[in-house]
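What follows is calculated from the coordinates using simple rules that are stated; it is not laboratory data. Note that the structure is a prediction, hence the values are computed from the model and not measured. In this analysis, Cβ positions are derived from the backbone assuming ideal geometry, glycine residues included, and neighbour counts consider all displayed protein chains.
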Amino acid sequence: MKLYRLLFDKINELYKNSPELHEHRDVTLELLKNKAEGKDPPPTQEKDDRPIVVVAVGHSRKGDSGATTWDGSTNEHRYNLQIATQLCELLEESELVKPVLLSNYGGKTYSQAIRWLSDKVNSLGTVALVVELHFNSAGNPKAKGSEFLFWHSSQKGAQFAQHFSQKMTDFFPTLVERGPKPIKSGQRGALFLRKLAPVCLLLEPFFGSSASDWKIFKSTRGKSDLVRCYFEAIVESVL
């Protein structure tokens, strides 16, 4: 311990005029003390530098469940919560990105919910991508297919939306491809796509109001393929 005391005094002297480095001094002294007492140094925590991807479930505001499917068996929030949960599990298992699932928005109105979502995303630090999961619906039962909405002036948004669209074609070759859809102020989804700082996409993989679309995506295989499709599109976009 005599050697530790000598080093302790010497290190204190070196750091005396550098208060901004006292945190480093304390770490060094702690290591020296542990060494003198025969203790193993504490394990160092590895920095998690994986890209952060937010998977948000559309219509997560209290009292808002979104559209219902053609047969009335489920709604957007219930369906996409299942998809989002499985997707985040797959992303976490891959260790390629750091997924954050958001499925219970604050706020009483839509604009308040988007403001809450924006604040939540901003609190996470640098986020590579935000996707909000939906499915489409229309009064015309013949409307069908997938589309991916992005803010019209976002170059990365356009690139990512195109990649998602291509992945949907790869996984669901019989599905109508409506393609990427640029959104401007006043259009559906504009507030979400404009308000949040990171690259944002609004995912509409099928029309729940279409009997033929819903036949594909209500099946276990359809759900599994959709999760895998989203997984590959996200990983390949942000890495």
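Students often get this wrong: which residues of segment 188-220 have the backbone nitrogen under 20 Å from the point 7 angstrom along Cα-to-C-beta of Asn122? Counting only backbone N, you get 190-201. For Thr220 and Lys184, the difference between the fully extended length at 0.36 nm per residue and the C-alpha to C-alpha distance is 9.4 nm. Pairwise Cα distances in segment 81-239 exceed 22 Å for 41 percent of all pairs. The order of Glu93, Glu204, going from fewest to most other C-beta atoms within 10 Å of their C-beta, is Glu93, Glu204. In a DSSP loop and with at most 11 other Cβ atoms within 10 Å, the trypsin sites (Lys or Arg not before Pro) in segment 137-236 are Lys142, Lys184. What is the distance in Å between the Cα centroid of segment 87-101 and that of segment 184-216? Value for the Cα centre distance between the two parts: 22 Å.
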